[in-house]
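What follows is one structure encoded as structure tokens, with my remarks underneath.
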Amino acid sequence: MTREPEVRTALVTGASTGIGARTASRLVDAGYRVFGTSRRGRGDHDGVQMLQMDVRDDESVREAVGAVTEAAGHIDILVNNAGVAHQGFAEETGRAEADAVFETNFFGPIRVTDAVLPQMRRRRSGRVINVGSLAAWIGEPGETMYAASKAALARYSEALRHEVWHLGISVSLVEPGAFTTGVLGAASGHDDHAGHADHTGHISDYDGPRELARRTLEKSLRHGGDPNDVADLIAAVARTGQPRSRYGVGREARRIPIVKAAVPQRLTDYLLRRAYQLPGRSITSRS
């Protein structure tokens, strides 16, 4: 008697729209049983079974992961895609606002991963794919907290990869550049966790650079890549036999890390400031 092949299960957070929805659909097409999550509990789509999950809430994460495990028995692939977009200069961003960005973009993936890892350890098998951002490589003005949260996620992913490698679990980071997902500032294309909190303060000294940064970002996103390319890559990473630690998606995401490693910091600073048309230093500055 021929034994039926085991159906592999994937969990994709932030899967109601954007890159998350496209990724979930690609995994369905590849033969996975796919569960997606949404903070607002959106309905099923394209063969994806949707669940309500708020990655900022421990109990919500435990309940959703438990529901998937009860229905499917185990989780083979975890795609941490849910995230929040944010624009704002550092000094104008209040602590609560910054905490909200990190709770979703950094601690959110940690919560979900921690909830899934025990079953992956027991099976000595599993794959975690974290969706980061090119912003982790560039301290772009006007995206301070977003960039910082994605940089933290990158180092977490790198360290975790080494910690669980001997257990048969792989961890990969996918870092898209600018893609036309329809959410301003959501360079990684996250879905309904994305939003823009009101800034707590307004400092007139930043008026010029703030507007220049906003225009530069909007232009970049208007001419961004096709989000289907990101979804295709994530689905390919889920299926490959030897996943790498990092994948850049888009021309900038592949090029800029190489440039930063090869070019002096003074030159990269100059190129970034020129790209954003930022003003020069005050003649009274002594720092």
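The values are calculated or read from the model by the stated rules, or taken from the named source; none is laboratory data. It should be emphasised that the depicted structure is a prediction, and the values quoted were computed from it without experimental measurement. Ideal geometry is used to build each Cβ from the backbone, glycine not excepted, and the neighbour counts take in all protein chains shown. The accessibility values were calculated without ligands, DNA or RNA, using every heavy atom of the protein model including side chains. Shrake-Rupley method; radii C 1.70, N 1.55, O 1.52, S 1.80 Å.
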message: I'd like to check something: does the range 16-36 contain any residue that is part of a loop (DSSP other than H, G, I, E, B), in contact with a Ser or Thr (Cβ under 9 Å, 6 or more places away or on another chain) and within 22 Å of ILE110 (Cβ to Cβ)?
response: yes
task: Within the range 35-58, identify whether any single residue is in contact with an Asp or Glu (Cβ under 6 Å, 6 or more places away or on another chain), farther than 28 Å from ALA135 by Cα and open to solvent by less than 40 Å² (accessible area, probe 1.4 Å), and answer yes or no.
output: yes
Cross-chain or 6+ apart pairs with Cβ under 9 Å, the range 33-47 first and among the hydrophobic types (A, V, I, L, M, F, W, C), then part of a strand (DSSP E or B) and open to solvent by 60 Å² or more (accessible area, probe 1.4 Å): VAL34/GLN49; PHE35/GLN49
Residue under evaluation PRO279, criteria (1) of a type outside the set (Phe, Trp, Tyr); (2) closer than 16 Å to GLY132 by Cα; (3) in contact (Cβ under 8 Å) with a residue 24 or more places away in the chain, criterion not met: (2)
- prompt: Is it true that some residue in the range 126-137 is touching a His at 6+ places or on another chain (Cβ under 8 Å) and either in contact (Cβ under 8 Å) with a residue 60 or more places away in the chain or of a type in the set (Val, Ile, Thr) (or both)?
  reply: yes
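How many residues does the range 247-262 contain that are out of contact with any helix residue (DSSP H, G or I) (no Cβ under 8 Å at 6 or more places or on another chain) and β-branched (Val, Ile, Thr)?
Residues meeting the conditions: 1.
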task: Could you tell me whether ALA85 is of a type in the set (A, V, I, L, M, F, W, C), open to solvent by less than 20 Å² (accessible area, probe 1.4 Å) and within 18 Å of PRO118 (Cα to Cα)?
output: no
